[in-house]
Amino acid sequence: MNKRPLLTFDLEGTLGDIFLKSEYIQKSQMFLRPGLVAGLKSLRESERNYHMALATKASGDVAAIFVEYLKEQGFEFEAVYDVETTSENPPRDSMIRHFKDLSKVYADFGISSDELEERVLVVEDLQLPVSEIYVGEKTVQGFGDRYVKSRTAEELIYHCGQANTYGNPLPKDGQVPPVLLVPNPRSNKFEAVPMEKIVELVNAIYESGRGNVATGFDRFVRSDVIKFETGMNGMERYQFNYLGEEAESDRFVAEVSSGFKQKYFIMAPPENSPTSRYELVNI
């Protein structure tokens, strides 16, 4: 394949959520980010000539329902990867289960490890309320009193052992692509940033680097986007310890806590910015 940029999208919390009928759920339903189909179509038809893939930890059955719905609406991803492909080697009860293995995605699109920062943008969700997406000091209302609360950029991703995103790309030969994190509607009372806003941001990143995502990261400046680069070595070691004793533990922990740097774009819309309710589709 040529050197076209690749956009990989998460499903759950990023593009939508699917809840299948069970003993706890009365009927199957799908919730979609407002304007989802139109936004995806505009990216596919863009003169920027993106490759587009879905890479989710959802089961094959769930991914198939979502993909079939999009197909009926006139949109198809070039490739789809479900939990069998994207889940990392460690067990699911690991404290580092917030990594996603995209190795097969890169291979299928002919992207080498050295090209990951330049050619790939991973779009995932951040599981924080919009009011909590900030860096620095902020005055908040507590129980009766107002107080100043501070937060570093790294604490948006990991704080006190808690991961606020579950789609970090697993390092590939020490390299990782930049990640764009958008607010998860479930963390915002099911109010969602419309897809058109995400599309506009993706295109702005592309334009700032003239097609090179890493260059776009260096040049990108916007008041509604928090941009920072961080490594894992500064995180508490216990965040990368296993609850189990699988043979792969030491190798994997060494890999994810190596010297690689992760580039993040985090959408930080003003608290009063327009949002819309998740769109409901009965399935």
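The residues of region 164-175 that are part of a strand (DSSP E or B) and either without any contact (Cβ under 8 Å) to a residue 60 or more places away in the chain or open to solvent by less than 10 Å² (accessible area, probe 1.4 Å) (or both), listed by number, are N168, P169. Scan region 2-32 for residues that are assigned to a loop (DSSP other than H, G, I, E, B) and open to solvent by 40 Å² or more (accessible area, probe 1.4 Å) and the total you get is 11.
Selection of first residues in region 197-210 that are in contact (Cβ under 8 Å) with a residue 24 or more places away in the chain and of second residues that are open to solvent by 90 Å² or more (accessible area, probe 1.4 Å), restricted to Cβ pairs under 9 Å at least 6 apart or on distinct chains, gives the following pairs, ordered by first then second residue: K197/P274.
Going through (1) in contact with a Ser or Thr (Cβ under 8 Å, 6 or more places away or on another chain); (2) farther than 24 Å from T275 by Cα; (3) crowded, with 16+ Cβ neighbours inside 10 Å; (4) not hydrophobic (A, V, I, L, M, F, W, C) one by one, P178 falls short only on (1). Of all residues in region 181-198, which are open to solvent by 10 Å² or more (accessible area, probe 1.4 Å) and closer than 20 Å to A55 by Cα? The answer is R186, and nothing else. Picking from residues in region 107-137 that are of a type in the set (D, E) and surrounded by fewer than 16 Cβ atoms within 10 Å (Cβ to Cβ), the one that is nearest to L6 (Cα to Cα) is D114.
Among the residues making up region 176-202, those that are touching a helix residue (DSSP H, G or I) at 6+ places or on another chain (Cβ under 8 Å) and assigned to a helix (DSSP H, G or I) are N188, M195, E196, I198, V199, V202. For region 138-150, the set of residues classified as modelled with pLDDT of 80 or more and surrounded by 10 or more Cβ atoms within 10 Å (Cβ to Cβ) consists of K138, K149, S150, listed by residue number. For region 41-150, the strands (runs of 3 or more DSSP E) that sit wholly inside it and include 1 or more residues that are within 29 Å of R222 (Cα to Cα) and touching a residue at least 12 places away in the same chain (Cβ under 8 Å) are 51-55, 120-126, 136-141. Scanning region 215-247 for residues that are touching a strand residue (DSSP E or B) at 6+ places or on another chain (Cβ under 8 Å), modelled with pLDDT of 95 or more and assigned to a helix (DSSP H, G or I) turns up just one, F217. Residues considered: G35, G60, G74. Of these, the only one that is out of contact with any strand residue (DSSP E or B) (no Cβ under 7 Å at 6 or more places or on another chain), closer than 24 Å to P129 by Cα, of a type in the set (G, A, S) and surrounded by fewer than 21 Cβ atoms within 10 Å (Cβ to Cβ) is G35.
The values are calculated or read from the model by the stated rules, or taken from the named source; none is laboratory data. Note that the structure is predicted; figures quoted are calculated from it, not measured. For neighbour counting, all protein chains shown are included, and Cβ atoms are generated from backbone atoms with ideal geometry for every residue, glycine included. Just the protein is used for accessible areas: all its heavy atoms, side chains included, with ligands, DNA and RNA removed. Shrake-Rupley method; radii C 1.70, N 1.55, O 1.52, S 1.80 Å.
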